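The structure appears right after this line, and notes come after that.
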Amino acid sequence: SRYNSLIDLRKGEIGREIFSSRDIYEEELEKVFTRAWLFVGHESQIPEPGDFFSSRMGGESVILARDKKRKVHVFLNSCRHRGMKVCQYDHGNTQLFTCPYHSWSYTTDGKLFGVPQFKSLYEGCMEKEAWSLIEVPRMETYKGTVWASWDKDAPDLLTYLGDAKTHLDLALDCRDGREGGSEVLFGVHKWIIPCNWKFAAENFLGDTYHNVSHRSVDLIGIGPSAEAGVKGRRDNEMEKARHVWVNFPAGHGVHSAIMPEDWEFLNTYQNNPVVAEYFREAHAKRKERLGAERHRLIPFVGTIYPNVSFHGNQPRNLCVWHPHGPESTEAWRFFLVDADAPQEVKDFLRSYYMRYSGPAGMTEQDDMENWNYATAGSRGVIAKRYPYNYTQSLGRVGTDGPVAGNVSLQVSEENPRQFYRRWRDYMNGADWDTLLGRRDAGPASIAG
Ligand code: FES
C-alpha cells in the first residue's frame, strides 16, 4: 500500500508527505480519529448536573455533558436539523442545548425536546425519539479523565492503554500517591500551531534528543527539576536517575525516570516556602504509600496514541493535539493539580505552568518553532523526494527492562517507530488485534 512504502521501518525511513499532504490528512480523520480512543475532558470540568464543556474529537466539535441524573455523555455538537452547533459556549451549565438556527432544543441526555410549531409542521411526519443528538458509542472515564471512541468495536479503554497506564497514572494521581483526586486548573489553554499534529505527538513520545532546543530554559534554571542555586537540569538529581524510553504495542510511548533509591524531594519551588512545604510533605507521603520501589518511577512525558500527550511531574498536564488541517494543529492544554491542594499552591502552579508551557510558555515556544519549520520542510517538491531519518538506536530495545513494555535505556527513536507503525496499520484499515499489537509481538524496529 501507499503507507507501507511511506513508513519503512526496516530502513528507519518515513516519507515527508505524511506531514503535509491534504489527502493523507483527510484519510487520517476517517481512519485514525474515528477509531482510536480520544481524550475529551475531565470530570472536574463538569461536576454538577447540567454542566457541559465543548470539546473536540478529530476535526469535529463534541459536547461533554453531565445530565440531570449525573450521567456523563459525549455528543456530536451538531443539530440533527441542518447541522448548526447546538452549543456555542466553551463551557457552562444548562437545562437544554438550544440550536440558534431554528431553535430545536435537546436535553442534557441528548433527547430532542423542543421543536417550534411541532404540531402544525411535524406531527405525523417525524418521531422526535429518532432525532436525538448523535452520541459516541463508546465512552469511559478513568481517574477523572473522560475518553471516547466512535468505533463501537474498540477494545475497552484499559486494554487500549495497556502498560502505558502506569506512566499516565503518575500524571493523574495526587502528588502524595493517592489514586486520582486531580482537577483541571481553570481554564483550558487553546491555540493554533502551524504544524502537522504528528510532529507534536511524536515530540512527546520522549524526544529527549531535542533538549538542546530548550537551552534557554536550562540556562535560567526554571526547568521542572531545577534546584535552588543550580542552573542547568543536567547538574541535578535527575542526572542520577536511570532514564527509560518505553513504547507499547498500541502505539503509545513515554520517557520516564527511575530515581535513585534514596532520592530526595526536588525543590522547584524555592521561591515559595508554602508550596515547597506542600510538595515536601507530598513526597514523604507518596514514598510511604507506594513503597520504596514504585516511588522511584517518575514520568517526564508521554503520548497516548494518537494525539494525547502528558507531562507527568511538574508541570503536570494533558495536551491534546487536535488535527486542524494538514499543516495546522489546535493545541489544548489541561493543567492538572491536586483538587484538595491549598489555594496558594494552586495559584502558584497556575503561574508556574503558564511560564513553563502553553502558548506563552518558554519550552512550548521553542517546540512550536521546530514543528512549524519541520512542517514547512515536509512540503517542498524537492524535499518530498527525501525521507526523514528514524534510525536512532535502531534495534537497541528489549522487553527485559526495569519496567513493562519495549524499553530502551538510551535515547531512542524506537517510540516514534512504533507510533508510525501503528499509524500505518490504522491507515491500512487493520483490525483491532493488529492495532493492539496482538498479531506482531516482535520489537517494532524489525517489522517491515
Ligand atoms: Fe438546528 Fe435548524 S439547524 S434547528
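Key figures
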| item | result |
| --- | --- |
| Portion, in percent, of the accessible area of the stretch 38-139 that falls on carbon or sulfur, probe 1.4 Å | 50 |
| Prolate/oblate/rounded call for the chain, Cα gyration tensor, a/c under 1.5 rounded | oblate |
| Segment A430-A292, length gained on full extension (0.36 nm per residue, minus Cα span) | 45.5 nm |
| Per-residue ³J(HN,Hα) for the stretch 140-153, Karplus 6.51 cos²θ - 1.76 cosθ + 1.60, θ = phi - 60°, Hz, x for Gly and Pro | 9, 10, 8, 6, x, 7, 10, 10, 8, 9, 7, 9, 5, 8 |
| Percentage relative contact order, the stretch 164-446, counting C-alpha pairs under 8 Å, at least six apart | 27 |
| Paramagnetic reach from S61 (point 7 Å along Cα→Cβ, amide N under 19 Å) across the stretch 120-144 | 132-136 |
| Pairwise label distance in nanometres, S351 with N211, each label 7 Å out on the Cα-Cβ vector | 2.8 |
| R0 of 60 Å, Cβ-Cβ distance R10-D90: FRET efficiency to nearest 0.05 | 0.85 |
| Accessible surface, per residue, of the chain when the full set of protein chains is kept, probe 1.4 Å, Å² | 42 |
| Chain lengthening between T399 and D23 when straightened (0.36 nm per residue, less Cα-Cα) | 131.7 nm |
| Whole-number percent relative contact order across the stretch 62-181, with pairs defined as alpha carbons under 8 Å at least 6 apart | 17 |
| Any cysteine of the chain lacking a neighbouring Cys Cβ under 4.7 Å - listed by number | C87, C125, C174, C195, C319 |
| Full-extension gain in nm, E123 to T34, via 0.36 nm per residue minus C-alpha separation | 28.6 nm |
| Relative packing of peptides 80-90, 25-35 - highest average C-beta neighbours within 10 Å first | 25-35, 80-90 |
| Label point 7 Å beyond Cα of D262 along Cβ direction - residues of the stretch 278-320 with amide nitrogen under 19 Å | 283-285, 287-288, 291-297 |
| Sum of -39500 (n - 2.57) over DSSP H runs of 4+, divided by residues of the chain (222 nm, nearest 500) | -7500 deg cm²/dmol |
| Mean separation of Cα contacts under 8 Å, 6 or more apart, over the residue count of the stretch 1-149: relative contact order % | 20 |
| Rounded percent of accessible protein surface that carbon and sulfur make up, the stretch 319-425, 1.4 Å probe | 51 |
| Largest to smallest principal axis extent of the C-alpha atoms in the stretch 351-448, angstrom | 43, 41, 27 |
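The values are calculated or read from the model by the stated rules, or taken from the named source; none is laboratory data. None of the values given here were measured: they were computed from a predicted structure. Glycine also receives a Cβ, built like all others from the backbone with ideal geometry; neighbour counts cover every protein chain displayed. Just so you know, the surface numbers come from the protein's heavy atoms only, side chains and all, with ligands and any DNA or RNA stripped out. Shrake-Rupley method; radii C 1.70, N 1.55, O 1.52, S 1.80 Å.
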